[in-house]
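> My questions will all concern the structure given below.
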Amino acid sequence: MNESKEQFKNGDLQNTAAAIQGAFKDKNTLYFMELGEVQRLQGSSQIPSSTQNLLAADQLVSRWEVTTSDKLRRSFSGASAYVLSEGFSSEYDPKPYEVSLLSQTLALNHLSQGRWNDAMVEAKKMAQREKVIEELIQSQVVAVSNVERDQQSNPNTRGATSRIENINGYPINLLDDEETRSLKNSYQNPGAYYLSGFIHESQGEASLAAPGYRLAIELRPQVNFFKTSIAKLDSNIANQAKKSFADTLIIIDTGYMPKIIPYQISQSFNIGGNPKLVTLTFPVIEKSTERYRPTMVQLGDRVANPELVANIDAMARKNLHDQMPAYVLRASSRALVSLAAQYAADRAAQQAANRNNQNNQNNGGAALIGAIAGLITGYSLQAINVTDVRHWSTLPAQTYMARMGLPIGPTVLKYTLPSGVTASQTVNLVGGYNVVYIRMFRNRATVLTSNDPAAISPTAPVASAPAVAIPAQPASVLPATLEPKPSEGTFAGFKKLWGGFQDPQSEALTPVATPAPAVPVPVSSSNLTPAPTPSNSPASGNIEEAKPYEPPNLLNSFQQLFN
């Protein structure tokens, strides 16, 4: 996926889709999110295929939601086991901000296909899932604290820590910049909240629209049109039937998510009175690159004034910052357990050698014990150097929005790309509510509009996500084409090493059949035109018309092995 990053930045979506299909051995949640995102950016004709894959991801997230809720209802023991578990499997637990953006992306797809009611379902789902995410994060904080306290009472793990500041050489500045510190948490997305309010308003649901607008204002109080929307919500709904213009929300995604990579650090631990050096691996998020603020977006003769409503790059950094205590405690605990195991095995080998010398016997047995000890420790230290750096890499880095009152009918949309080129195309706006979505790449862009006939499948429409609660049985939440794949624990490799045992492999998740991806049309000289002299007043002022599995616990496994 990292190798396809440049292709994606250039808008080469066909090769990016091929890279996704080739990179994923397991068709898990992340696979369906990545493929669904790239398909929708290929144009309106690919929206049905995109929706199918995103719905497959949504079903897997629903299964995660059910199992997580069940775990939290029972006790904190499940969360404690998570802290010291391997944390990597063929399955993929979505990051909190990814859950929110999955619902937002699905909602935008539904709008493109003219299904405003289904988009409203996604808006409601965001609020429901946030409760689970909040409980999960709180339980993990408590679990890390409890596990660290228990580790301090164990002589073998007394040096374990959850503080990344205690790990020399970790680039903590990448997780502690001003934008990241300003976020309340890693999962509440102001842009998604505003879109939720806009969708509910379009359906005449003032009581549901108001909370979305208020939350957006709470998280991004500096966005001016957020405040206008809540102030004019009641009058907007009261006058919906009288609207003689297109009430249009413009959403612009720019930039690229930074890569998360494994970062190795040598750390010293004291075992048996002697310092031992161990190489640990942690996830590191790279510096932000290629940020772009839209400089010119114009519809007809009216200029939009896009405002930054969501910094997804910062949300990813905030999430990793919040997860670091668990990463650090897990890695330091494993290192100490492994070193303690090596120390105990070395002592046993030395004692055996001493006994053999006293009895004038050869040292073959002692050598075997020493070899076994080294082999066990070598494998366990290798396990420490595995960290899960997977993430939804095709997400944008920032989201900008503007809301405008525009004439109904075909309207020329013009915008300036990061390369400095001005592109244009015609969008059709209907009476009532509209959404115009723009995803900018370096020298091209994808434009999607709500109620687009080209986004509706010419055969059968895609089934929308169910609005009912998903049953608690994991197997029942998956569509017939999806079968969950069991996770592999760390000791699956240990069994292979010693006895050649091979865990049975279940069939991979069957990918949703999709048509050949279309190549986006690059910006050509025929549609590059100088922008006419625009109106000086931002069009947002025209809103006035509208009134306005858990893997095995590695620590316990080692303790059982050496008891």
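> With (1) in contact with a Leu (Cβ under 8 Å, 6 or more places away or on another chain); (2) open to solvent by 50 Å² or more (accessible area, probe 1.4 Å); (3) modelled with pLDDT of 90 or more; (4) not in a loop (DSSP other than H, G, I, E, B) as the list, and Asn117 as the residue in question, which single condition is left unmet?
(1)
> In the list Ser4, Ser50, Ser62, which residue meets the criterion of being among the hydroxyl-bearing types (Ser, Thr, Tyr), over 19 Å from Ile260 (Cα atoms) and surrounded by fewer than 22 Cβ atoms within 10 Å (Cβ to Cβ)? It would help to see each step written out before you state the result.
Values: Ser4 fails: over 19 Å from Ile260 (Cα atoms); Ser50 fails: surrounded by fewer than 22 Cβ atoms within 10 Å (Cβ to Cβ).
Testing whether each residue is among the hydroxyl-bearing types (Ser, Thr, Tyr), over 19 Å from Ile260 (Cα atoms) and surrounded by fewer than 22 Cβ atoms within 10 Å (Cβ to Cβ) leaves just Ser62.
> Taking the conditions exactly as written (farther than 30 Å from Met324 by Cβ, exposed (fewer than 13 other Cβ atoms within 10 Å of the Cβ) and in contact with a strand residue (DSSP E or B) (Cβ under 9 Å, 6 or more places away or on another chain)), does Thr295 satisfy them or not?
Against the criterion (farther than 30 Å from Met324 by Cβ, exposed (fewer than 13 other Cβ atoms within 10 Å of the Cβ) and in contact with a strand residue (DSSP E or B) (Cβ under 9 Å, 6 or more places away or on another chain)), Thr295 qualifies.
> Let me ask something else. Taking into account only those residues within region 281-292 that are open to solvent by 70 Å² or more (accessible area, probe 1.4 Å) and of a type in the set (D, E, K, R), which is farthest from Arg439 (Cα to Cα)?
Lys287
> Still on this structure, please answer the following. Hey, among Val427, Val389, Val447, which residue is of a type in the set (A, V, I, L, M), open to solvent by 10 Å² or more (accessible area, probe 1.4 Å) and in a strand (DSSP E or B)?
Values: Val427 fails: open to solvent by 10 Å² or more (accessible area, probe 1.4 Å); Val389 fails: in a strand (DSSP E or B).
Just one listed residue meets the conditions, Val447.
> Among the residues of region 172-223, how many are surrounded by 18 or more Cβ atoms within 10 Å (Cβ to Cβ) and among the small types (Gly, Ala, Ser)?
Of the residues in region 172-223, 9 are surrounded by 18 or more Cβ atoms within 10 Å (Cβ to Cβ) and among the small types (Gly, Ala, Ser).
> Identify all residues within region 140-161 that are within 25 Å of Ser69 (Cβ to Cβ) and not aliphatic (A, V, I, L, M); write none if there are none.
Across region 140-161, the qualifying residues are Gln140, Ser145, Asn146.
> Going through region 304-316 one residue at a time, which ones are open to solvent by less than 30 Å² (accessible area, probe 1.4 Å) and either assigned to a strand (DSSP E or B) or more than 30 Å from Glu3 (Cα to Cα) (or both)?
Of everything in region 304-316, those that are open to solvent by less than 30 Å² (accessible area, probe 1.4 Å) and either assigned to a strand (DSSP E or B) or more than 30 Å from Glu3 (Cα to Cα) (or both) turn out to be Ala304, Pro306, Glu307, Val309, Ala310, Asn311.
> Kindly check whether there is at least one residue in region 311-320 that is more than 31 Å from the chain's Cα centre (by Cα) and of a type in the set (Lys, Arg).
No, region 311-320 has no match at all.
> Considering only residues that are in contact with a strand residue (DSSP E or B) (Cβ under 9 Å, 6 or more places away or on another chain), surrounded by fewer than 20 Cβ atoms within 10 Å (Cβ to Cβ) and among the small types (Gly, Ala, Ser), look in region 242-280 and name the one that is nearest to Ala397 (Cα to Cα).
Across region 242-280, the extreme among qualifying residues is Ser266.
> Let me ask something additional. Collect the residues in region 247-299 that are of a type in the set (Gly, Ala, Ser) and out of contact with any Pro (no Cβ under 7 Å at 6 or more places or on another chain), keeping them in residue-number order.
Looking only at region 247-299, we keep the residues that are of a type in the set (Gly, Ala, Ser), and these are 255, 266, 268, 272-273, 288.
If the condition is that a residue be of a type in the set (Gly, Ala, Ser) and out of contact with any Pro (no Cβ under 7 Å at 6 or more places or on another chain), then Ser266, Gly272, Gly273 are the ones that fit.
The values are calculated or read from the model by the stated rules, or taken from the named source; none is laboratory data. The model shown is predicted, which means the values in this text are computed figures rather than measured ones. Note: ideal-geometry Cβ built from the backbone for every residue, glycine included; neighbour counts use all protein chains shown. For the accessible areas, the whole protein counts, side chains as well, though only heavy atoms, and no ligand, DNA or RNA atoms are used. Shrake-Rupley method; radii C 1.70, N 1.55, O 1.52, S 1.80 Å.
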